[in-house]
Amino acid sequence: MPRLLTSLPSQPSTVAALDTDEPTIASQTEWFKHHDNRHPVLVAMRAGEVVGWASLSAWSAKRGYDGTAEASVYVSPDYHNSGIGTKLLQALIERARVIGLHSVIARISSTNETSLRLTRRCGFSDVGTMKESGFKFGGYVDVVMLQLILDNAT
Ligand SMILES: CC(C)(COP(=O)(O)OP(=O)(O)OC[C@H]1O[C@@H](n2cnc3c(N)ncnc32)[C@H](O)[C@@H]1OP(=O)(O)O)[C@@H](O)C(=O)NCCC(=O)NCCS
């Protein structure tokens with residue numbers, strides 16, 4: 001389990017997510033502490049090993065935003081392109097409905113075409129692009145914001 005705790009949730013080596021620090025047990029434990037029944041972490045298992053995860057995180061500490069959460073999905077590279085990411089995001093959306101959330105947001109680097117396609121396929125619509133709002137590997141990163149309003153989702 002420690003290997004999974006330190007290797008799965010953060011991605012310091014790609015611009016897919018804007019983590020820049022190598023994860024540690026302490027940082028990942030802190031990450032888990034910010035998740036609860038309203039902000040769950042789902043995992044995908046293959047042969048007893050965690051190969052992917054999806055989470056809903058609080059969008060803002062301000063109570064007026066309680067009906068909105070941010071979705072994240074990660075699948076271990078060895079298991080890409082076999083439908084796990086899609087299943088995780090679909091399960092996460094279903095969980096968000098059960099929890100009673102109104103809206104789910106995703107922020108995705110504009111160059112991350114696989115993730116953009118996956119997120120749009122699951123019903124999210126583009127809100128807009130936040131130009132140069134991230135910075136990694138010495139360069140600014142444009143970030144696309146997408147949203148799914150659950151009341152209107154099919
Ligand atoms: C984005 C990410 C979660 C996608 O995970 P994944 O498990 O590869 O996703 P899926 O397999 O469901 O879909 C990926 C592609 O495989 C295709 N696919 C799914 N099942 C397939 C199968 N059985 N055979 C062939 N292709 C398949 C999908 O149609 C999709 O094609 P597309 O890219 O042309 O749209 C994964 O690439 C990842 O973890 N990236 C790094 C982190 C990241 O970017 N996270 C998102 C930002 S929060």
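A few notes on this one:
- Note on the chain: Cα Rg divided by 2.2 N^0.38 Å, N the number of residues, gives 1.01.
- Of the chymotrypsin sites (Phe, Trp or Tyr not before Pro) found in segment 99-138, those that fall in a DSSP loop while having at most 14 other beta-carbon atoms within 10 Å are Phe137.
- Where both bridge residues fall in segment 25-149, DSSP classifies roughly 90% of the beta bridges as antiparallel.
- Cα→Cβ-extended label distance, 7 Å offset, between Asp142 and Phe32, nm: 3.9
- Residue order for Tyr74, Tyr65 - accessible surface, 1.4 angstrom probe, largest first: Tyr65, Tyr74
- Residues of type aspartates and glutamates that Lys131 reaches as a straight line, Cα spacing below 14 Å, ignoring anything fewer than 8 places off in the same chain: Asp142
- Sorting Asp21, Asp78, Asp126 by solvent-accessible area of protein heavy atoms yields Asp78, Asp21, Asp126, largest first, with a 1.4 Å probe.
The values are calculated or read from the model by the stated rules, or taken from the named source; none is laboratory data. Just so you know, these numbers come straight off a predicted model, no measurement behind them. Glycine gets a Cβ as well: all are built from the backbone with ideal geometry, and neighbour counts include every protein chain shown. Keep in mind that these areas ignore ligands, DNA and RNA; they rest on the heavy atoms of the full protein, side chains included. Shrake-Rupley method; radii C 1.70, N 1.55, O 1.52, S 1.80 Å.
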